[in-house]
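See structure below.
Since every read-out is calculated from the coordinates, none of them should be taken as a lab result. Nothing here was measured: the structure is a model prediction, and the numbers come from that model. A quick note on method: Cβ atoms are made from the backbone with ideal geometry, for glycine too, and the neighbour counts reach across all protein chains shown.
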Amino acid sequence: MPALPEPLRKKLLALSGAGALALAACYTAFWEGHATRPYADSGGVLTVCYGHTGGDITPGTTRTPAQCEALLAADMRQAFAVIDQQVTVPLSDGQRVALAAFIHNVGAGAFARSTLLKRLNAGDIPAACDELRRWVKVKGVTLNGLVNRRAADEWLCRYGLPTPENKG
């Protein structure tokens, strides 16, 4: 299984004592990138900052870096709330980080309907981690960026947060 990208691994190691929410924000920001002006993502969804979507985005309105950080923090809190409401089995911090980033990317509704969630709640964590790699298409087209992102999600799900020992 491929390891985490080295720049991401270093950032996560630096934040290792910060808690799952801060780690999820760092992890998500790495994969989402940062855009202060709204744009249509690969699925045609209006997006701003670190992958933020929703009815509060106005085309042409620029967000400040501080506003983007606040949106990311709120989005991560929302993703963790979905995990807390829908997942019935204990999870490691690495699994929570991977799932929060996944929920932020695909949406709470898709997560709620997913086989991934069913397998998690059945206690089959390895099978749930396997499910992540299925979520690599937008409008039927496989995107290399999603392939790479899901490989990292799956790594976190299986092995946890990087440490100097596990080489992330």
Karplus-derived HN-Hα couplings along the range 86-103 (A = 6.51, B = -1.76, C = 1.60, θ = phi - 60°), whole Hz, x at Gly and Pro: 10, 8, 9, 10, x, 10, 6, 4, x, 5, 5, 4, 4, 5, 4, 5, 5, 4
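Tell me, Leu156, Leu23 in order of fewest to most beta-carbon neighbours within 10 Å?
Leu23, Leu156
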Cα-based Lys proximity count in the chain, under 30 Å, for pairs eight or more positions apart or on separate chains: 7
Within the chain, helix-based [θ] at 222 nm, where runs of 4 or more DSSP H residues each add -39,500 (n - 2.57), nearest 500: -17500 deg cm²/dmol
Modelled FRET efficiency - R0 22 Å, Asp56 with Val141, Cβ distances, 0.05 increments: 0.20
Cα-projected label distance for Gln78 with Val45, points at 7 Å along beta-carbon direction, nm: 1.0 nm
Neighbour-count ranking [beta-carbon atoms within 10 angstrom, fewest first] of Thr47, Thr28: Thr47, Thr28
Inter-label distance for Val106 and Ala3, nm, one decimal - labels placed 7 Å from Cα along Cα-to-Cβ: 2.7 nm
Relative contact order (%) - the chain, alpha-carbon pairs under 8 angstrom, separation at least six: 25 percent
Residues Arg37 and Asp124, FRET efficiency given R0 of 41 Å [Cβ-Cβ distance, rounded to 0.05]: 0.45
Under-5 Å amide H pairs with Val138, H placed in peptide plane, nonlocal only: Leu143
Difference of contour (0.36 nm per residue) and Cα-Cα distance, Ala22 to Glu69: 15.8 nm
Calculated Rg and Dmax of the Cα atoms in Å (choose from (i) 17.6, 59; (ii) 22.5, 85; (iii) 15.3, 46), label: (iii)
